[in-house]
Amino acid sequence: MKTYDVIMIGAGPTSLAASVYTAREDIETLILEKGIIGGLAAITDKIDNYPGFPKGIEGMELAENLRKQAERFGAVIELDEVQDIEKKDDVFNIKTAIGGYLAKTVLVATGSEWKKLGIPGEQEFYGKGVHNCATCDGAFYRDKKLVVVGSGNSSAQEALFLTKFASHIDILIRGDKWKASDVLVQEVDKNEKIAVHFNTTTDEIVGGDVDGMKKVTKVVGGKDGKKIDFVTDGVFVFIGLKPVTHFLINSGVELDEYGFVKTDEKLMTNIKGIFCAGDVRSGATMQIASAVGEGASAALSIREYLENYDRKKTN
């Protein structure tokens, strides 16, 4: 089986940026992605805080530009899901859903995924009225009523995007105030299509068969000890992110108390040859610009490691 110089897990901005540095220096680079190339950045409607784009840039466009640049230098991207990593004789066996790959080094850049509410109906109607991506699924709700759950920037930003399609949006916030930036909150407050409900829990998602299809019909919330029904055609949940590290359970890679990957100043984990960068790393800032910068730093550390690796093998 072929052994790659580096296998990068996750095709978000971190790996795509890192691969530009590795591939252009003839470091044979393979990127494995289980879902969407570009990660969460690709499904963000508009990115306003990435340097160099004074008018902002659509997430999908930025992701596509990063992909094209990586592939131009020779990086290879494969759609496959990593399930386990095992190190043997200074080579990593990357076990995947389809088969497996070998690598001298590994970059873990799997980022984060949306947290679930964990309430009745959420799993049952996931993809059938319950969503985590307004850019992906918002257009299905033209002239429909929607519920958005969450108090952060993502909740505010995605709700504003959904007003392009929906006739009305109820935002349910468990606490008594927003956690989103003032700029976004002001935009929400000005939008006549949006109603914000503070101190309101999200307790159940209810639906049934409508015209032969499984659909959401309402969200049951709670406020001041009373149940409130929010009639809706769909629910978009933005309550925070958690690191994607389940495939590292048996690898020996050390995680922090929240499940993020620990690294040293070179972005290497406690397992020599496994590096980590981006949103999945302990201490990450959860910003695209930072993720790209960490990708570049990780690539330089990987190059240094491989130089020593090859030197040892020839001696």
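Every number here is computed from the coordinates shown, using simple stated rules; none is lab data. The structure displayed is predicted, hence computed values, not measured ones. Please note: Cβ atoms are built from the backbone with ideal geometry, for glycine as well, and neighbour counts cover all protein chains shown.
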Which of the peptides 119-127, 83-91 is most tightly packed, and how do the rest follow, judged by the mean count of other Cβ atoms within 10 Å per residue? 119-127, 83-91
In terms of the charge dipole of the chain, which places +1 on Lys and Arg and -1 on Asp and Glu at the beta carbon, the residue among Thr105, Ile288, Val183 farthest towards the positive end is Val183
Hey, any idea what the orientation-averaged projected area of the convex hull of the chain's Cα atoms comes to, in nm²? 18.1
Mind checking which aspartates and glutamates have their Cα closer than 15 Å to the Cα of Lys214? Skip sequence neighbours fewer than 8 apart in that chain. Glu122, Glu124, Asp233
Can you compute the charge dipole magnitude of the chain about its Cα centre, using +1 on each Lys and Arg Cβ and -1 on each Asp and Glu Cβ, nothing else charged? Give it in debye, rounded to the nearest 20. 120
For the chain, what does -39500 (n - 2.57) per DSSP helix run (n ≥ 4), summed and divided by total residues, give at 222 nm, in deg cm²/dmol to the nearest 500? -7500 deg cm²/dmol
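Which whole number of Å³ per residue matches the convex hull of the alpha-carbon atoms in the stretch 130-237? All intermediate terms of the calculation are to be shown ahead of the outcome.
Working: hull volume 9.6 nm³, N = 108.
Hull volume normalised by residue count: 89 Å³.
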Can you give the relative contact order of the chain as a percent, counting alpha carbon pairs under 8 Å and 6+ residues apart? 20
Could you tell me how many degrees, from 0 to 90 and to the nearest 10, lie between the Cα long axis of helix 288-314 and the main elongation axis, the longest principal axis, of the Cα atoms of the chain? 20
For Met60, Met213, order by how many other beta-carbon atoms lie within 10 Å, fewest first: Met213, Met60
What percent does the relative contact order of the stretch 130-237 come to when contacts are Cα pairs within less than 8 Å and at least six residues apart? 31
